[in-house]
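Notes for the one structure printed next.
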């Protein structure tokens, strides 16, 4: 079976030329805009909107928060398990097909979700939605961006992630739809949006620029480098990209993964418990606490837009280290401050650090291990990342149950974030392996 887009396609090149894309704007930037649009839709219909669904499902069915929260853990577990499989699929069939299949599955999950009447139906529908979201989301779109960008890689990834941040802000549209039409009708509208808007955007996504007569970054490669049939480039110094097995033998693979997981330990803990901390520990009203919480996605957006150019200009590793210190300082401050200005100050620090660090996580792996086997390397890394996303909220919540306060839990999370910076400090760029076919 011949995978899609595996050979240079003259007709595709001619089609691109007819559209004038390659003459006016590097095609990769059109992909960035499409990927940002896909992330926006996903963030709006499911990401931040899940909290709203929790409220309406509890009101209608009376299900416990434990049952409803288990769906979030189910999604994280699915991402960790699905990651390696999805990475293999991307390497075999390319990002466009996987993204399109994911959108169809995602929409189908929403249709089923709109008809649920029991807990098993809820968990089953949510699992299907999670699989579709993974296939059409972060890993697939990041893999596509890595294939098309090198010099401006962090910028491309930051602009893609900005779509998700805007989607988080636009979750108010989803909530308004729930209030106006009902949550079941909103779920059906979400399915329609994924198919009517998401699918056309997915057609913009391509695999490798060489398959369409183009070059990475829109710049011809070094004349001393050789492109192999797999799309892999043997550099002038005779080195090549890492395979998954080779990457896993390096300490950098594990340290970057544990560092990323430590960062998400903080992010996940605050995403789940920030509003509760403001209401139950500081005595703010729910409405005021929710308003303050909106600063996080807004600042994440600002940090994300800044993170790309900064990562392209400075060391991604040291940017990540500084962001980890900022995460630790922010949550440590939130454990002790009580005034609104100080809460906003530390929330600002955390939101900016979250946004600045985000684009570096994928970009640093591509810089270290190359783009040829990037999908499987990042997919397997998800198994390390998931430790942070699941354990952060659980630890903070457990300590609260024991002590009736978030302070001790936040101190623990802050300490682990500061310790997590050591993983990045101890992970300088590894030496690339030598190619069996030397560059000419």
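The values are calculated or read from the model by the stated rules, or taken from the named source; none is laboratory data. Computed from a prediction, not measured in an experiment: that's the story for all the values here. For neighbour counting, all protein chains shown are included, and Cβ atoms are generated from backbone atoms with ideal geometry for every residue, glycine included.
Please verify whether residue 106 is more than 29 Å from residue 370 (Cβ to Cβ) and buried (at least 19 other Cβ atoms within 10 Å of the Cβ), treating the condition exactly as stated.
Numbers: more than 29 Å from residue 370 (Cβ to Cβ): yes; buried (at least 19 other Cβ atoms within 10 Å of the Cβ): yes.
So residue 106 passes the test.
This table checks each residue for (1) within 20 Å of the chain's Cα centre (by Cα); (2) assigned to a helix (DSSP H, G or I); (3) in contact (Cβ under 8 Å) with a residue 24 or more places away in the chain.
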residue	(1), (2), (3)
266	yes, yes, yes
278	no, yes, yes
291	no, yes, no
333	no, yes, no
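Could you tell me whether any residue of segment 312-322 is part of a helix (DSSP H, G or I) and more than 16 Å from residue 260 (Cα to Cα)?
Of the residues in segment 312-322, the ones part of a helix (DSSP H, G or I) are 312-313, 316-322.
Of the ones still in play, those that are also more than 16 Å from residue 260 (Cα to Cα) are 312-313.
Yes; the residues of segment 312-322 include at least one that is part of a helix (DSSP H, G or I) and more than 16 Å from residue 260 (Cα to Cα).
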List every residue pair whose Cβ atoms sit under 9 Å apart, with the two residues 6 or more apart in sequence or on different chains, where the first one lies in segment 418-433 and is in the same structural domain as residue 331 (by TED's automatic domain parsing) and modelled with pLDDT under 90 and the second, anywhere, is surrounded by fewer than 21 Cβ atoms within 10 Å (Cβ to Cβ) and outside any helix (DSSP H, G or I).
none
Test for residue 377: is it assigned to a helix (DSSP H, G or I), touching a helix residue (DSSP H, G or I) at 6+ places or on another chain (Cβ under 8 Å), without any contact (Cβ under 8 Å) to a residue 24 or more places away in the chain and more than 23 Å from residue 284 (Cα to Cα)
no
Quick one: which of 330, 345, 353, 396 is over 25 Å from residue 426 (Cβ atoms) and surrounded by 21 or more Cβ atoms within 10 Å (Cβ to Cβ)?
396
Where residue 190 falls short, out of the listed (1) buried (at least 17 other Cβ atoms within 10 Å of the Cβ); (2) modelled with pLDDT under 90
(2)
Breaking point among (1) at pLDDT 85 or above; (2) more than 27 Å from residue 409 (Cα to Cα); (3) crowded, with 24+ Cβ neighbours inside 10 Å, for residue 302:
(3)
Would you check if there is a residue in segment 176-198 being touching a helix residue (DSSP H, G or I) at 6+ places or on another chain (Cβ under 6 Å), closer than 30 Å to residue 311 by Cα and in the same structural domain as residue 35 (by TED's automatic domain parsing)?
yes
Residue check: is residue 177 more than 17 Å from residue 96 (Cβ to Cβ), crowded, with 17+ Cβ neighbours inside 10 Å and either without any contact (Cβ under 8 Å) to a residue 40 or more places away in the chain or touching a strand residue (DSSP E or B) at 6+ places or on another chain (Cβ under 8 Å) (or both)?
yes
Of all residues making up segment 110-121, the number that are touching a helix residue (DSSP H, G or I) at 6+ places or on another chain (Cβ under 6 Å) and free of Cβ contacts under 8 Å to residues at least 40 places away in the same chain
2
